[in-house]
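Structure, as structure tokens:
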Amino acid sequence: MAGAKVAWKAFGGLSTVAAALLARKVGEQTWKRAFGRQPPKKPESPDTTWYEAVGWVVASGALVGIMRVFAARKAANYWKRSTGRLPPGLEAT
């Protein structure tokens with residue numbers, strides 16, 4: 001059981017990190033297409049308008065969150081198909 005827990009943490013963690021990196025790239029490309037320029041590199045900078053700062057933080061945060069949940073669910077489904085049970089910590093209560 002301890003080995004499965006470590007394996008799931010590694011597998012699930014890697015999938016969500018990969019999803020977050022992909023979401024960041026997709027968000028940057030979408031912002032560039034929508035506004036014709038790169039998203040703000042430092043939204044906290046006073047040189048960035050509030051509109052851009054808040055817009056980027058909300059859009060990128062939501063996209064990263066959604067993609068991480070999507071990846072975690074896909075990883076959990078793969079784990080369940082492979083082992084016949086839910087990953088450690090996701091078992092039904």
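Let me confirm the definition first: pairs of Lys residues in the chain, 8 or more apart or on different chains, C-alpha distance under 26 Å. How many are there?
10
For the chain, what is the accessible area per residue in Å², given a 1.4 Å probe and the full set of protein chains?
74 Å²
Please identify, among Thr16, Thr30, Thr49, the residue showing maximal mean-square fluctuation in a Gaussian network model of the chain using a 10 angstrom Cα cutoff.
Its mean-square fluctuation being the largest, the pick is Thr49.
Using only alpha carbon pairs under 8 Å that are at least six residues apart, calculate the relative contact order of the chain and give it in whole percent.
37 percent
Each residue of the range 49-55 in order: what ³J(HN,Hα) in whole Hz does its phi give by Karplus 6.51 cos²θ - 1.76 cosθ + 1.60, θ = phi - 60°, with x for Gly and Pro?
Using θ = phi - 60°, the values come out as 5, 4, 4, 5, 4, 5, x Hz.
How much mean residue ellipticity at 222 nm does the chain get from its helices, if each DSSP H run of length 4 or more adds -39500 (n - 2.57) and you divide by all residues, to the nearest 500 deg cm²/dmol?
-26500 deg cm²/dmol
Which Cα, out of Gly36, Ala92, Met67, lies furthest along the positive dipole direction of the chain (beta carbon charges, K/R +1, D/E -1)?
Among Gly36, Ala92, Met67, the one farthest towards the positive end of the dipole of the chain is Ala92.
The values are calculated or read from the model by the stated rules, or taken from the named source; none is laboratory data. These figures come from a predicted structure and were not determined experimentally. Note that each Cβ is placed from the backbone with ideal geometry, even for glycine, and that neighbours are counted across all protein chains shown. When the accessible area is computed, the model is the full protein with side chains, heavy atoms only, and any ligands, DNA or RNA have been set aside. Shrake-Rupley method; radii C 1.70, N 1.55, O 1.52, S 1.80 Å.
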